[in-house]
Amino acid sequence: MPGPVLIVDGNNLLVRCIKAMEYSGLRSGENWQTGPLTAFIGALGRFTRLYEPEAVVICWDHGPSEYRRYLYPEYKIARKETDEAGQERKETAFGMVKTFLKACRIQQVAVQGFEADDVVAAYWRALPGRAKVIVSGDKDFLQLVDEHTVQLRPDGKGAYAIWDIERVVETYGCRPEQLPKLMALTGDAVDGIPGVRGLGPKKALRGLVEAAWDFARVSALNDPEKMNAALLSHALVNLRDDEFLPEVPKLRPFEPLHSSMGGECLELVTFLRSLEMETILNRFYTDTLWR
């Protein structure tokens, strides 16, 4: 039986690696910070060894979400800006990881004007009936959990927890496909999702249950301003509607570069040696990076 498709929110995973390795002291001889790259490779390797996936795709942001900014210009504008030094470290880490993945022949996808969230959702939508594992700490992906899909989320203890339908229902009181409506009413200050004024999670859930999950019957949405806020927020958080999802390339089988490929390995070997990443290089030569 083939393994699942591993769909990785690259931005979310790498930002977590950057934060985790901020004070690691891992650097190459040229004073480049290699900690985030080391952590990213380690995490991705754990996932591939655990699930033995049939395909792997790393999804990246490619500029801000154009359609969300069109719907709501304040979308994500409140996010804290990184200082110049932090931005430089971030750009370096992203460049290193993308170069490494390209050299390893691991599929990575970014679509102009769309976030990684949309690319992940597009692959989820394109693979009905196939087993899928979404890797991200972003709770928005919980709405995509179904009988064929689980999400791996950091558990706060250095490991990843599996979120399936049962866990979503137990935690939020509703099924995954109902989450967009619940998230629309409660909003998200970090992402700039306005939500509906005066509705917290418990009150919003109670109102939706009483209204059989029909916005038109929710008593708290009793005036046009609140209804418009609910509908706008739903459009911003809903990842299940293919109307706003990008077209994505066909998945490739997970066949990363193998040490027996001789001259084809030159780019990867040269890259790792330039960063003095001997441990990763040794794992590549012994074929223990991914399996």
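Bear in mind that the values in this text are calculations on the coordinates, not laboratory data. This one's a predicted model, so the numbers in the text were calculated from it and none came from an experiment. Cβ placement follows ideal geometry from the backbone for every residue including glycine, while neighbour counts extend to all protein chains displayed.
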Whole-number percent relative contact order across segment 175-237, with pairs defined as alpha carbons under 8 Å at least 6 apart:
40 percent
Taking springs between alpha-carbon atoms closer than 10 angstrom, which of Cys59, Cys104, Cys265 fluctuates most in the Gaussian network model of the chain?
Cys265
Going through the cross-link list Lys76/Lys181; Lys19/Lys76; Lys157/Lys181; Lys181/Lys250; Lys19/Lys250; Lys19/Lys98, which pairs have a Cα-Cα distance over 23 Å in this structure?
Lys157/Lys181; Lys181/Lys250; Lys19/Lys250
Among Glu267, Glu177, Glu115: highest mean-square fluctuation, GNM of the chain, C-alpha pairs under 10 Å:
Glu267
Could you sort 42-53, 130-141 so that the peptide with the highest average Cβ count within 10 Å comes first and the rest follow in order?
130-141, 42-53
Select from Asn11, Asn238, Asn228 the residue whose mean-square fluctuation is largest in a Gaussian network model of the chain (Cα-Cα springs shorter than 10 Å).
Asn228
Name the trypsin sites (Lys or Arg not before Pro) in segment 145-234 that are in a loop by DSSP and that have at most 10 other C-beta atoms within 10 Å, would you?
Lys157, Arg197
Once the dipole of segment 175-237 is set up with Lys and Arg at +1 and Asp and Glu at -1 on Cβ about the Cα centre, which of Ala211, Gly187, Leu231 lies farthest towards its positive end?
Ala211
So for the chain, taking the charge dipole from beta-carbon charges (+1 Lys/Arg, -1 Asp/Glu), which of Thr171, Trp60, Tyr75 sits furthest toward the positive end?
Thr171
Sparse-neighbourhood loop hits (GluC sites (Glu not before Pro), segment 143-176; DSSP loop; Cβ within 10 Å at most 13 others) -> Glu147
Segment 80-111-segment 210-232 distance, computed between alpha-carbon centres (Å)
41 Å
